[in-house]
Amino acid sequence: MVGGALMVVVGLLYLVLEDFVLADFTWEEKPTTPNNHVSRTLVGIQIGLTILSMVVTRSSALSLQAKQGLPPGNQLMGWIVLGKSTTAAAVGCRQAACKFSSNEEPTR
C-alpha cells in the first residue's frame, strides 16, 4: 500500500509541476504543447487506476485472510484494472511516438 501511495503522490506532484519539469526544472515560460491535455488526462487515468488497484488489492487481501475466498467482483475489477492500465500505457507510448515522429529531421 505504501508503494501505491507513493506512486499516487509522485503522479499528483507531476500533474501540478508538469510545466516546471518539462522546462528542465526552470521557471521560465515555455510554450505549452498542443497535446498537453491528452498526456495530462492519461496521467490522471493512471493515477486513478493506481488508487483503484490499491482498494481492490486491500479488499481481496481482507477477504482471503477471512478465508472467504476471492470475491468475483474483485477478480473482475483486477482484470479490468490490468487491461485499462495496459491500454493507457500503450496510448501514451503511441502519442509520444507520434509527437517525436512529427518533428522534422535537422538539416545538415
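The values are calculated or read from the model by the stated rules, or taken from the named source; none is laboratory data. Note that the coordinates shown come from a computational prediction; the quantities given were computed from them, not determined experimentally. Glycine also receives a Cβ, built like all others from the backbone with ideal geometry; neighbour counts cover every protein chain displayed.
Can you pull out the residues in region 1-26 that are among the aliphatic types (A, V, I, L, M) and closer than 12 Å to Met54 by Cβ? If the condition is that a residue be among the aliphatic types (A, V, I, L, M) and closer than 12 Å to Met54 by Cβ, then Met1, Val2, Ala5, Leu6, Met7, Val8 are the ones that fit. Take Gln65 and tell me if it is exposed (fewer than 12 other Cβ atoms within 10 Å of the Cβ), of a type outside the set (Ser, Thr, Tyr) and within 21 Å of Val2 (Cβ to Cβ). Spelling it out, Gln65 is indeed exposed (fewer than 12 other Cβ atoms within 10 Å of the Cβ), of a type outside the set (Ser, Thr, Tyr) and within 21 Å of Val2 (Cβ to Cβ).
In summary, helices (runs of 4 or more DSSP H) completely within region 1-79 and bearing 2 or more residues that are at pLDDT below 90, among the β-branched types (Val, Ile, Thr) and under 24 Å from Ala90 (Cβ atoms) occur at 36-65. Of the residues making up region 37-56, those that are without any contact (Cβ under 8 Å) to a residue 24 or more places away in the chain and β-branched (Val, Ile, Thr) are Thr41, Val55.
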